[in-house]
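Asks: Mind having a look at this structure? Questions to follow.
The values are calculated or read from the model by the stated rules, or taken from the named source; none is laboratory data. What you see is a predicted model; the values in this text were computed from it and never measured. Positions of Cβ are backbone-derived with ideal geometry, glycine not excepted, and every protein chain shown enters the neighbour counts. Please note that ligands, DNA and RNA were not included when accessible areas were found on the heavy atoms of the full protein model with its side chains. Shrake-Rupley method; radii C 1.70, N 1.55, O 1.52, S 1.80 Å.
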Amino acid sequence: MTELPDTVVGSAYRSTVGWDLLAELEDLNDRMPGHEGERTGADLVAESFEAVGLDDVTLDEFPIPAWWRGDATLAVEHGDRETTFGRSHELVELPGTPSGEVTGELVDMGYGLPEDFEGVDLSSDIAMASSLTPDDYGRWVHRSEKYHYAAESGAAAFVFYNHIEGALPPTGNIGSVNGPGPIPAVGVSKETGARLQRYCDAGTVEADLSVEAEVGRGTSRNIEATVGPDTDEEVLFTAHVDGHDVGTAANDNGFGTAMVVEVGKMLAQVADELETKVRLVVFGAEETGLYGSYYWSHTHDLENVKCVVNVDGAGYSRNLEIHSHGFEAIADAFDAVSEEYEIPVHTEDGIRPNSDHWPFVQRGVPGAQGRSSSDGSGRGWGHTHGDTLDKLDVRDLRDMSILCAAGVARLARSDVETDHVDDEEIKQACLDEGFDVGMKATDAWPWGGPKDWPWADEL
């Protein structure tokens, strides 16, 4: 098929199935990997797959490390005063943190870039770093990278402060995919961070950090369905259902999950015209280590995967971005969609070694991340209490879903070839773009992924 029929596009502009699912996911409040809300969310996705007419709907369970949030406080001495931060708008634990009681000097490491830690002895200190990476740095430095630099420099604890105002502390995983991190860690709001920076600028600041968290084992699930002909080769369109237990994970990644359902609904209406099977997959446990996508990619024959398009962070606007990792056929397909619909689609070929496309791309499978442009810096409301449904727009969901459905349908054409590459080519791209530095810091080089799980023996 060349493009979606007008009747399919028209019905998509009236569809509420994805938005209704998104609202239901928000009402679960907590979709942390391994928690009950994630399990219920998976059931809701499966029901939506059935409702829009997809085939072979399945839920596949797998084991993961699980983490549960407790209480945390940060007490600092400034002059003759002691101030304790512990309210929800001031700080939250970072998933993967172990419990701990730490007393030490608070040391501000600024952006927390690799060079900021060179030759620095942080023995027994509490290191803190900004969530911001300067625009001219050349690559994004992930929070877990900053965290591991602090731990390797001897720090006893880590404080990650937001760079976006709004009294919202950032969360996000810092633990190893095979277990908790080495030192306690919390995220604090920009406002709290600015206050702590002011104290540090005035002289030595003694601080007490208390973190309570539980680390154990749990289970997560992938939800999948198919549409189109019964071919061995298949195109994957994916997202993740789990989310952090602050806010309601509406954009990250309820929006992406809703897109998968909407795209599935459109493709089901043209199933007889598809030339290659399309598999819709909503992964579990992305936020704590890409467990669902690693599990899927190591329990299936990747030779049958023609390509994967993964959507994550797509609810910022209706301006679609496709990050193709150098796989020109994927970029070309979405460039053609942009021309057909006379709607700008921005394509980039750089590496993005995060989210559920990465376990595929790192093994040479053609893969892309779909997201949308943001007026803010970084993930905006994402990973904070502000990631809620009211920030999103149903019109964005419809526009983005139509463009992605058209792109996936084009990639499913038999005359569109997407060649796999040797993983050495992907490694070289990581080296060229400097991502190996962060991967080495977080024990993810040459490739990361769970190493002690029954399904991961190929890693």
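Asks: State whether one or more residues within the stretch 340-350 are charged (D, E, K, R), on the phi < 0 side of the Ramachandran plot, surrounded by fewer than 19 Cβ atoms within 10 Å (Cβ to Cβ) and assigned to a helix (DSSP H, G or I).
Replies: yes
Asks: Those residues that are closer than 16 Å to CYS200 by Cβ and of a type in the set (S, T, N, Q), I need them from the stretch 67-86; list them, please. Step through it out loud before you land on a result.
Replies: Filtering the stretch 67-86 down to residues closer than 16 Å to CYS200 by Cβ leaves 74-79, 81-83, 85.
Passing the criteria: only THR83.
Asks: GLY315 passes all but one of (1) open to solvent by 20 Å² or more (accessible area, probe 1.4 Å); (2) part of a loop (DSSP other than H, G, I, E, B); (3) in contact with a helix residue (DSSP H, G or I) (Cβ under 9 Å, 6 or more places away or on another chain); which number fails?
Replies: Failed condition: (1).
Asks: Taking into account only those residues within the stretch 312-358 that are under 14 Å from the mean Cα position of the chain (by Cα) and of a type in the set (S, T, N, Q), which is nearest to GLY370 (Cα to Cα)?
Replies: SER355
Asks: Mind counting the residues in the stretch 137-148 that are open to solvent by 10 Å² or more (accessible area, probe 1.4 Å) and either part of a loop (DSSP other than H, G, I, E, B) or within 16 Å of ALA207 (Cβ to Cβ) (or both)?
Replies: Residues flagged as open to solvent by 10 Å² or more (accessible area, probe 1.4 Å) and either part of a loop (DSSP other than H, G, I, E, B) or within 16 Å of ALA207 (Cβ to Cβ) (or both) within the stretch 137-148 amount to 4.
Asks: Residue by residue through the stretch 416-436, note down the ones that are open to solvent by 60 Å² or more (accessible area, probe 1.4 Å) and touching a residue at least 12 places away in the same chain (Cβ under 8 Å). Give the steps one after another, and end with the answer.
Replies: Narrowing the stretch 416-436 to residues open to solvent by 60 Å² or more (accessible area, probe 1.4 Å): 417, 419-420, 422, 424-425, 428, 431-433.
Across the stretch 416-436, the qualifying residues are GLU417, ASP419, HIS420, ASP422, GLU425, GLU433.
Asks: To continue, here is another question. Sort out which residues of the stretch 79-99 are open to solvent by less than 20 Å² (accessible area, probe 1.4 Å) and either polar (S, T, N, Q) or part of a strand (DSSP E or B) (or both), and write them in order of number.
Replies: Of the residues in the stretch 79-99, the ones open to solvent by less than 20 Å² (accessible area, probe 1.4 Å) are 85, 90-97.
Answer for the stretch 79-99, where residues must be open to solvent by less than 20 Å² (accessible area, probe 1.4 Å) and either polar (S, T, N, Q) or part of a strand (DSSP E or B) (or both): PHE85, LEU91, VAL92, GLU93, THR97.
Asks: Follow-up. Scan VAL308, VAL278 and give me the residue that is in a strand (DSSP E or B) and either of a type in the set (Lys, Arg) or more than 21 Å from the chain's Cα centre (by Cα) (or both). Explain how you work it out, then say what you get.
Replies: Working: VAL308 fails: either of a type in the set (Lys, Arg) or more than 21 Å from the chain's Cα centre (by Cα) (or both).
Going through VAL308, VAL278 in turn, just one is in a strand (DSSP E or B) and either of a type in the set (Lys, Arg) or more than 21 Å from the chain's Cα centre (by Cα) (or both): VAL278.
Asks: Being over 23 Å from GLY154 (Cβ atoms) and among the small types (Gly, Ala, Ser) is the filter; apply it to the stretch 173-211 and report the residue that is surrounded by the most Cβ atoms within 10 Å (Cβ to Cβ).
Replies: Here is the first cut: in the stretch 173-211, the residues over 23 Å from GLY154 (Cβ atoms) are 177, 189-192, 194-195, 198, 202.
Now restrict to residues that are among the small types (Gly, Ala, Ser): 189, 194, 202.
Values: SER189: 26, ALA194: 15, ALA202: 10.
Across the stretch 173-211, the extreme among qualifying residues is SER189.
Asks: Hey, another quick one. Which condition from (1) farther than 23 Å from PHE85 by Cα; (2) in contact with a strand residue (DSSP E or B) (Cβ under 8 Å, 6 or more places away or on another chain); (3) part of a loop (DSSP other than H, G, I, E, B) is the one that GLY216 breaks?
Replies: (3)
Asks: If a residue must be open to solvent by 30 Å² or more (accessible area, probe 1.4 Å) and in contact with a helix residue (DSSP H, G or I) (Cβ under 7 Å, 6 or more places away or on another chain), how many such residues does the stretch 149-165 contain?
Replies: Summing the residues that are open to solvent by 30 Å² or more (accessible area, probe 1.4 Å) and in contact with a helix residue (DSSP H, G or I) (Cβ under 7 Å, 6 or more places away or on another chain) in the stretch 149-165 gives 3.
Asks: Looking only at the stretch 12-62, filter to residues that are farther than 11 Å from ALA258 by Cα and β-branched (Val, Ile, Thr); which one of those is surrounded by the most Cβ atoms within 10 Å (Cβ to Cβ)?
Replies: VAL52
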